[in-house]
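A short worksheet on the structure shown next.
The values are calculated or read from the model by the stated rules, or taken from the named source; none is laboratory data. This is a predicted model, so every value here is computed, not measured. A quick note on method: Cβ atoms are made from the backbone with ideal geometry, for glycine too, and the neighbour counts reach across all protein chains shown. Only protein heavy atoms, including side chains, enter the accessible area calculation; ligands, DNA and RNA are left aside. Shrake-Rupley method; radii C 1.70, N 1.55, O 1.52, S 1.80 Å.
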Amino acid sequence: MTARMPASPVRRGLSHRLAVNAVMTVVLALATAGVVALLVWILAYVAGQGLKYLGPVFLTQTPPGEPSQAGGGFANGIVGSVIIVGIATGLSVPAGIAAAIHLVEYRGRLARVCSFLTDVLIGLPSIVTGAFVYALWVAHFGFSGLAGAVALALIMLPLIIRATEEVLRLVPNELREASLALGVSRARTVMSIVLPTARSGIITGAMLAVARAMGETAPLLLTALGNDLFLEANPTRRMSTLSLQIFNNAITGFATAQARAWAGTLTLIIIVLVLSVGARLLSRRGIARSAR
Amino acid sequence: MPTPAPPSDTAAPARLDVVNLTASYHGRPAVADVDLAIEPRQVTALIGPSGSGKSTLLRCLNGLHLTVPGASVTGSVLLDDADIYAKDSNPVEIRQRVGMVFQRPTPFPTMSVRDNVLAGLHLGRRLGRGPHDDLAEQALTKAGLWPEVKDRLKAPGGSLSGGQQQRLCIARALAVDPEILLMDEPCSHLDPISTLTIEDLIREIKETYTVVIVTHNMQQAARVADTTAFLTMPAVGEPGRLVEVGPTERIFSTPRQQTTEDYISGKIG
Ligand SMILES: Nc1ncnc2c1ncn2[C@@H]1O[C@H](COP(=O)(O)OP(=O)(O)O)[C@@H](O)[C@H]1O
Ligand SMILES: [Mg+2]
């Protein structure tokens with residue numbers, strides 16, 4: 001019946017809009033499919049290469065003395081990554097959350113300086129952070145896992161500050177006022193109302209920073225240095241990490257070493273993936289608890 | 001003034017005297033030169049057009065105004081003769097004595113119904129952790145919410161309906177045992193039935209508390225308030241001022257100021 005009506009300008013406008021809508025839908029779908037395909041390709045390629053060698057031996061042994069030899073694994077790198085990134089997380093997460101609270105909740109006198117420094121740190125190439133820690137620490141006390149952790153913490157810190165700042169600003173001011181109006185102190189309001197409300201966002205932000213630190217290589221070359229000879233769990237000595245071992249093995253040119261590098265790459269991706277999914281699940285639980 | 005005997009179960013409600021109060025944001029007064037006596041065991045309504053400083057004045061009565069960045073006050077607010085803006089007064093203690101309910105219901109999203117009710121007691125460290133079901137029940141009963149939520153104490157506070165959430169906030173405010181309850185348009189986001197429920201509640205709690213309510217709705221002021229204060233500003237951008245205050249019936253039947261009459265007869269606002 002609509003077809004019998006004369007085509008008014010309004011109706012022509014409508015069909016035009018419908019056409020534009022259809023075109024845009026197709027364009028956006030294609031763009032999305034392209035991005036997803038690229039990601040799947042990368043993952044599939046790494047998985048295909050990595051699975052050739054990833055196995056119990058790889059996960060439990062250290063690399064062979066001579067890189068051209070086959071066999072061995074990245075056990076020391078996995079342990080080193082966990083320890084170094086663990087220490088870096090322990091250093092940067094509390095400091096980053098505290099700084100974000102200072103910025104958002106107290107608008108303290110240091111807020112401007114802190115905000116500026118955060119911007120500077122975010123823009124700093126990670127090799128510069130490594131060089132900085134090298135000059136200030138490594139040059140005096142030698143290479144160590146701890147120095148690497150400090151460098152990674154400096155890289156994680158601004159990411160955590162920004163992410164936390166953003167979620168704290170999303171917490172409705174009404175909740176803070178409601179708490180203050182109950183005669184709850186400002187500090188308690190932040191600890192017991194604001195932070196729990198922002199919890200899932202803060203966890204997600206921290207996890208992204210952890211994932212970033214897991215993959216960092218350049219600053220570790222100047223700080224933790226690497227140690228392919230044996231499994232070192234003492235962070236005051238030079239240490240290997242997954243990223244360093246991937247780098248060292250990939251550049252040798254030996255097929256045997258490159259097989260190990262691919263397996264290491266896949267391990268790294270799996271660790272980061274597990275952490276991200278874990279964070280998602282944690283934050284989803286947070287949302288479910290706060291859902292209406 | 002005759003003082004009625006205080007009921008046995010709670011402390012005597014306090015009175016408030018606003019003396020020559022001006023409240024500003026970033027140096028710009030939002031409400032100026034207010035003198036107002038708020039009597040105990042009465043409902044005092046603040047009415048007036050949007051932007052006349054009703055919320056600002058209300059938030060001055062428990063010191064919440066000063067928690068806003070850039071906010072300042074001059075003059076004083078006497079809570080039982082002690083100036084809450086004196087140098088030695090403790091803002092946390094003032095806010096425990098003068099509770100507040102906001103325009104939009106604000107249950108704490110991470111807390112259950114029961115934890116919401118007890119939040120002020122727990123977080124104010126006046127009560128250890130623990131179920132304290134009796135205290136929660138008392139407060140919820142006062143807010144008329146107990147029968148509806150007694151089986152849902154562990155559900156998230158946000159899972160209740162809007163009207164229930166607002167009564168949850170009233171219960172939460174009453175749980176810390178304040179002497180005065182401030183309410184900023186507590187029904188403006190609620191449906192008519194929930195509104196009537198809350199109005200009944202206000203009439204009940206005024207037996208034991210001093211209540212100050214901001215309302216946009218003149219019928220509501222007429223229904224619940226014993227005393228009504230009318231604020232308005234001479235022009236947009238100028239601070240609001242208190243025009244007239246008196247018994248609600250008189251304000252609505254024979255206002256003494258022309259602006260009051262214009263407002264309540266709908267000519268302005
Ligand atoms: N947080 C704030 N910052 C700056 N100005 C504000 C703030 N809150 C209110 N004001 C200003 O104060 C005046 C009075 O506002 P308000 O007290 O909310 O009035 P009402 O509750 O009567 O509508 C308005 O001009 C408003 O713009
Ligand atoms: Mg208002």
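Can you give the three extents of the C-alpha atoms in chain A along their principal axes, from longest to shortest, in whole Å?
83, 59, 34
Summing both sides, how much accessible area is buried between B and A? Use a 1.4 Å probe and give Å² to the nearest 100.
The buried area between B and A, both sides summed, comes to about 2200 Å².
Can you list the residues, at least 5 places off or on another chain, whose amide H is less than 5 Å from the amide H of residue B:31, using H built in the peptide plane?
B:23, B:240
May I ask you to give the solvent-accessible area per residue for the protein assembly as shown, in square angstrom, as obtained with a 1.4 angstrom probe?
Each residue of the protein assembly as shown exposes 48 Å² on average to a 1.4 Å probe.
Starting from the Cα of residue B:54, draw a straight line to each of the lysines and keep only those under 30 Å, dropping any in the same chain fewer than 8 residues away.
B:87, B:142, B:206, B:267
Sorted from largest down, what three extents in whole angstroms do the Cα atoms of chain B have along their principal axes?
54, 43, 40
Would you mind giving the average projected area, over all directions, of the Cα convex hull of the protein assembly as shown in nm² with one decimal?
For the protein assembly as shown, averaging the hull's shadow over all directions gives 38.7 nm².
Expressed in nm to one decimal, what extension gain is obtained for the pair residue A:43 and residue A:31 from 0.36 nm per residue of sequence separation less their Cα-Cα distance?
So the chain would gain 2.5 nm between residue A:43 and residue A:31.
Tell me, what is the percent relative contact order of region A:109-169, built from C-alpha pairs under 8 Å that lie six or more residues apart?
Across region A:109-169, relative contact order equals 43 percent.
Taking R0 as 35 Å, what FRET efficiency do you get between residue B:127 and residue A:128 from their Cβ-Cβ distance, rounded to the nearest 0.05?
Once rounded, the FRET efficiency stands at 0.10.
In whole percent, and with a 1.4 Å probe on the protein chains, what portion of the accessible area of region A:51-94 is carbon and sulfur?
Solvent-exposed carbon and sulfur of region A:51-94 make up 69 percent of the total.
If you average the sequence gap of Cα pairs under 8 Å that are 6 or more apart and divide by the length of chain A, what percent do you get for the contact order?
Result for chain A is 27 percent.
With each label point set 7 Å from Cα along the Cα-Cβ vector, what nm distance links residue B:68 and residue A:274?
Modelled inter-label distance: 5.2 nm.
Name the residue from A:254, A:268, A:181 whose Cα lies farthest towards the positive end of the charge dipole of region A:163-291, charges +1 on Cβ of Lys and Arg and -1 on Cβ of Asp and Glu.
A:181
Within region B:16-264, what whole-number % of the accessible surface is contributed by carbon and sulfur, with the 1.4 Å probe and all protein chains included in the calculation?
Result for region B:16-264: 50 percent of the exposed heavy-atom area is carbon or sulfur.
Provide B:146, A:262 ordered by accessible surface of protein heavy atoms (probe 1.4 Å), highest first.
Heavy-atom accessible area, descending, gives A:262, B:146.
In degrees from 0 to 90, rounded to the nearest 10, what is the angle of the helix B:113-123 Cα long axis to the longest principal axis of chain B?
Roughly 70 degrees, rounded to the nearest 10.
At residue B:217 and residue A:166, where each label point lies 7 Å from the Cα along Cα→Cβ, what is the point-to-point distance in nanometres?
Calculated label separation equals 4.0 nm.
Determine the relative contact order of region B:16-264: mean sequence separation of Cα pairs under 8 Å and six or more apart, normalised by residue count, in whole percent.
28
What FRET efficiency would be calculated for the residue pair residue A:82, residue A:15, taking the C-beta separation as r and a Förster radius of 56 Å, to the nearest 0.05?
Computed FRET efficiency for residue A:82 and residue A:15 comes out at 0.40.
Would you mind putting A:59-69, A:173-183 in packing order, based on average other-beta-carbon counts within 10 Å, highest first?
Per-residue mean Cβ counts within 10 Å order the peptides as A:173-183, A:59-69.
In region B:84-99, what residues drop by 30 Å² or more in accessible surface going from the chain by itself to the full protein assembly, probe 1.4 Å?
B:92, B:95
What does the extension gain come out to for residue B:236 and residue B:93, with contour length at 0.36 nm per residue minus their alpha carbon separation?
47.9 nm
Looking at chain A, do any whole DSSP H helices span at least 20 angstrom along their long axis by alpha carbon and average 1.0 or above on Kyte-Doolittle, and which?
A:9-51, A:75-101, A:145-170
So how far apart, in nm, are the two label points at residue B:204 and residue A:98 if each is 7 Å from Cα heading toward Cβ?
A separation of 4.8 nm, rounded to one decimal place.
What value, in deg cm²/dmol to 500, does the helix sum -39500 (n - 2.57) over DSSP H runs of n ≥ 4 give at 222 nm once divided by the residues of chain A?
My calculation for chain A gives -23500 deg cm²/dmol from helical runs alone.
After finding the eigenvalues of the alpha carbon gyration tensor for region B:179-221, what semi-axes result from the square roots of 5 times each, listed largest first in whole Å?
Those come to 17, 12, 8 Å.
Would you mind listing how long region A:160-259 runs along its three principal axes, going by Cα atoms, in whole Å with the largest first?
67, 26, 19
Using protein chains only and a probe of 1.4 angstrom, how many square angstrom of residue B:200 are accessible, to the nearest 10?
Looks like 80 Å² after rounding.
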